[in-house]
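The values are calculated or read from the model by the stated rules, or taken from the named source; none is laboratory data. Source: prediction; values computed, not measured. Counting neighbours? That spans all protein chains shown, and the Cβs are built from the backbone with ideal geometry, glycine included.
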Amino acid sequence: MRFKVPRGTQDLLPTETWKWQCVEEIVRDVCDVYRYKEIRTPIFEQTELFQRTVGDTTDIVQKEMYTFTDRGNRSLTLRPEGTAPVVRSFVENKMFGYPDQPVKLYYTGPMFRYERQQAGRYRQFVQFGVEAIGSNDPAIDAEVIALAMDVYKRAGLSKLKLVINSLGDTECRNAHKTALIEHFEPSIDEFCSDCKTRLEKNPLRILDCKVDSEHPLIASAPSLAHYLNEESTAYFEAVQNYLGDAGIDYEVDANLVRGLDYYNHTAFEIMSTSDGFGAITTLCGGGRYNGLAEEIGGPSAPGIGFAMSIERLLLAMEAEGVSFEEEPSLDVYVIALGDDAKRVGAKLLHTLRTNGIRADMDYTNRKMKAQMKSADRLKANYVAIIGDEEVADDVVMLRSMRDREQEKISTNEVVQKILEKGKED
Ligand code: HAM
């Protein structure tokens, strides 16, 4: 029997993991600059956490969760997203009591959704996300958006579009909900069975139904923008002012609703506008979720955040032709010829490494020529050649691969020499 990676997942081989490490470093640097601290929560949570927060009429909860019962008969779910777990942790660990609010957190880790696999859409994907919990200031909304844009900028992307909207507060949403029910009810038989159940429970979800997206009533549905009350409008304007002051371009799209239930007020997405990008152009999504902490039994702690998948970020970099930094090359390749030389070589290799020098050697007893080829392929800066003669004299032949010059030096001076040369470079 042949085994394959499960559908919707992928192996990341060393050439790819290097790119991931580059991107993860950017993410860490940007979060450090904005003073967001890393949080790590478990890969699985109680199923009910997602049902209550993401919402039980959403596609994620209805169709996409990896839910299982453990041996203790508990229903657990591989996390489909990071916001609910982070807010759960915020409440459980009483972070609302921290003297400095909002608490600013970030995470990177795998998320799981049973979705149809296509370019940019996987069943296991890695999200980088941030959550700022404990403030209802429009300035923090702009900060979170700026952070996302900075990550993309640092990654070398320029073909981006930021789209924002306001989903208003509970009052606006209820007025909008009534209008949506009136709009869809007479023709609800033309919609899928999920939309029929959504009508009463959560008609907003009809707007992002994947099955009925082409139905003309979707395009003509009443826009939330008409139902925003004074307070929500003022909040939205303030966010836009802060974005404007930071020089961040955006478009307002009254149809942006987001696919998770916990949102209110600010919602945003960042798309790639690069020609080479596939059908799925959304790179990042986020928004405000006042009330989420209370929903799971905590005190009032308004929050905002976003998440982006590293996979889509890398696809966007590829589409824009961004080149990656070169991987650090090998400092020294040790070539030992013969059994005695091998022992001296292995000892030298160990000394080099314990001094922080990147070094390697051959373990298949190949001829000198083949080993030199390896040194070339590995882009070694130096080779340290040890044969019988060198063993007898307690020296090694140190050859620079750059100018091909070589000199015999005493074995215990090699480390010193390499460190000095490294400084000169
Ligand atoms: P979301 O819009 O469901 O929001 O996902 C955010 C991002 O995760 C997407 O824009 C995309 O980059 C990535 N993503 C989602 N599904 C997949 C997939 N199947 N394959 C690859 N990438 C995917 C959330 O998850 C919210 N928790 C975001 C948030 C944080 N809102 C507030 N704080």
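See the values below:
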quantity: Strands (runs of 3 or more DSSP E) contained in the stretch 310-425 and holding at least 1 residues of a type in the set (S, T, N, Q) and farther than 30 Å from D150 by Cα; calculated: 395-400, 406-410
quantity: Unique residue being closer than 13 Å to G303 by Cα and either surrounded by fewer than 19 Cβ atoms within 10 Å (Cβ to Cβ) or basic (K, R) (or both) when the list is R123, R88, R113, R79; calculated: R88
quantity: Residue that is nearest to D11 (Cα to Cα), among those in the stretch 98-131 that are more than 9 Å from the ligand (Cβ to nearest atom) and aliphatic (A, V, I, L, M); calculated: A119
quantity: Some residue of the stretch 48-71 being buried (at least 21 other Cβ atoms within 10 Å of the Cβ), part of a strand (DSSP E or B), of a type outside the set (V, I, T) and within 16 Å of the ligand (Cβ to nearest atom); calculated: no
quantity: Residue count for the stretch 270-288, restricted to those that are more than 9 Å from the ligand (Cβ to nearest atom) and part of a loop (DSSP other than H, G, I, E, B); calculated: 8
quantity: A254 being among the aliphatic types (A, V, I, L, M), away from the ligand (no atom under 11 Å from the Cβ), surrounded by 19 or more Cβ atoms within 10 Å (Cβ to Cβ) and in the same structural domain as V239 (by TED's automatic domain parsing); calculated: no
quantity: Unmet requirement for S89, which otherwise passes all of (1) in a loop (DSSP other than H, G, I, E, B); (2) closer than 25 Å to C31 by Cβ; (3) away from the ligand (no atom under 13 Å from the Cβ); calculated: (1)
quantity: Unmet requirement for V211, which otherwise passes all of (1) more than 16 Å from the ligand (Cβ to nearest atom); (2) touching a residue at least 40 places away in the same chain (Cβ under 8 Å); (3) of a type in the set (A, V, I, L, M); calculated: (2)
quantity: Total residues in the stretch 185-207, condition within 17 Å of G259 (Cβ to Cβ) and free of Cβ contacts under 8 Å to residues at least 24 places away in the same chain; calculated: 2
quantity: Among the residues listed as L147, L105, the single one being within 28 Å of P42 (Cβ to Cβ), in the same structural domain as Y263 (by TED's automatic domain parsing) and in a helix (DSSP H, G or I); calculated: L147
quantity: Residue match in the stretch 217-236 (condition: assigned by TED's automatic domain parsing to the domain that holds R123, of a type in the set (S, T, N, Q) and within 16 Å of the ligand (Cβ to nearest atom)); calculated: no
quantity: Options E200, E214: the member that is exposed (fewer than 13 other Cβ atoms within 10 Å of the Cβ), over 23 Å from K161 (Cβ atoms), out of contact with any Lys or Arg (no Cβ under 7 Å at 6 or more places or on another chain) and not assigned by TED's automatic domain parsing to the domain that holds L314; calculated: E200
quantity: Residue identified as closer than 25 Å to E171 by Cβ, assigned by TED's automatic domain parsing to the domain that holds A139, within 12 Å of the ligand (Cβ to nearest atom) and crowded, with 18+ Cβ neighbours inside 10 Å among A307, A267, A293, A301; calculated: A267
quantity: Flag if L180 is touching a strand residue (DSSP E or B) at 6+ places or on another chain (Cβ under 9 Å) and either over 16 Å from L283 (Cβ atoms) or in the same structural domain as E45 (by TED's automatic domain parsing) (or both); calculated: no
quantity: Condition broken by V130, with the remaining ones in (1) in a strand (DSSP E or B); (2) without any contact (Cβ under 8 Å) to a residue 60 or more places away in the chain; (3) not aromatic (F, W, Y) satisfied; calculated: (2)
